[in-house]
Amino acid sequence: MTDTSPRRSATRQRIYRAAIPLFAEQGLTATTVEQIAERAGVAKGTVYYNFAGKTELFEALLRDGVEPLTFALRRSAAMAPGGAMAALEGMAGAGIAFVAAQPDLARLLVTEQWRGSRAGHPMLAAARRRVAGVVEEVLEEGVKAGELRADLDVQLTSGALVGLVVLGALDWQMFHPERRPDEVRRALATVLRGRLDAVEERDMGGGR
C-alpha cells in the first residue's frame with residue numbers, strides 16, 4: 001500500500017478531523033497523541049504510522065488545510081471582473097466560504113496564534129505567509145495601478161485583511177448564523193472600501 005492509497009488518505013483525514021478541534025481547544029503543547037487517537041477511534045500506533053508525531057501532524061494539517069484556501073483565493077482574484085478592489089472582495093468571499101466549511105481549522109489558526117505557542121510558531125508562520133502572500137500580490141498590483149493608496153503598507157495590510165475576514169466570518173458563524181453569506185460579504189466589502197481606495201488618501205485624524 002502506498003502513501004497515496006485511498007485507505008491511508010481516508011485515515012489521515014480521520015486523524016485530521018480529530019486533531020483540529022483538540023489543537024484549537026487545548027493548543028499544540030497540551031494535546032497528546034493518545035487524545036488524538038482516542039477521538040479519531042484509531043490505535044495510537046496508527047497515528048504514528050501516518051505521522052512521526054503530533055508536531056509533524058500539526059504541520060501537515062496546516063499545510064493541507066491552508067492549500068485549498070490559497071487556491072480559492074487565487075482563483076477568486078483571477079475571476080474578479082477587474083481591479084484590485086474587486087479581487088479583494090472576491091477573496092473575502094472565498095475566505096468566508098472557507099471558514100463556513102472549516103470552522104474548526106479557522107479557530108485553530110486564530111487560537112494558536114493568540115497563544116503564541118513557540119512549538120507551533122514556525123508552522124503557523126509558514127501557513128500565514130502562504131495566505132497573506134496571495135493578498136500581498138493583489139495589494140501590490142493595486143498600488144502600482146493607482147487604484148489603492150500609494151502610502152499603503154502592503155505587508156501589514158495583508159495580514160490585517162486576512163484577520164478581518166477570518167475573525168469576521170467566525171463572528172458570523174457564532175453570533176449571527178441566521179445571516180446570509182452575501183450579507184457578510186457586503187459588510188466586509190464596506191470595510192475594505194473604507195480605507196483602501198486611492199481617493200480616500202487622508203490620515204487617521206480626518207485629513208490635513
(request) Among the residues of segment 163-189, count how many are surrounded by 15 or more Cβ atoms within 10 Å (Cβ to Cβ) and of a type in the set (Phe, Trp, Tyr). (result) 1
(request) Could you identify the single residue in Ala100, Ala125, Ala160 that is of a type in the set (Gly, Ala, Ser), closer than 17 Å to Val191 by Cβ and surrounded by fewer than 17 Cβ atoms within 10 Å (Cβ to Cβ)? (result) Ala160
(request) Quick one: which residue in Val99, Val110 is in a helix (DSSP H, G or I), out of contact with any Ser or Thr (no Cβ under 8 Å at 6 or more places or on another chain), β-branched (Val, Ile, Thr) and at pLDDT 90 or above? (result) Val99
(request) May I ask you to verify whether Ala78 is over 19 Å from the mean Cα position of the chain (by Cα), within 26 Å of Arg129 (Cα to Cα) and either aliphatic (A, V, I, L, M) or buried (at least 18 other Cβ atoms within 10 Å of the Cβ) (or both)? (result) no
(request) Considering every residue within segment 37-53, establish whether at least one is touching a residue at least 12 places away in the same chain (Cβ under 8 Å), assigned to a loop (DSSP other than H, G, I, E, B) and exposed (fewer than 14 other Cβ atoms within 10 Å of the Cβ). (result) yes
(request) With respect to Glu34, determine if the residue is modelled with pLDDT under 95 and of a type in the set (Asp, Glu). (result) no
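The values are calculated or read from the model by the stated rules, or taken from the named source; none is laboratory data. Source: prediction; values computed, not measured. Neighbour counts are summed over all protein chains in view; Cβ atoms, including those assigned to glycine, are modelled from backbone coordinates with ideal geometry.
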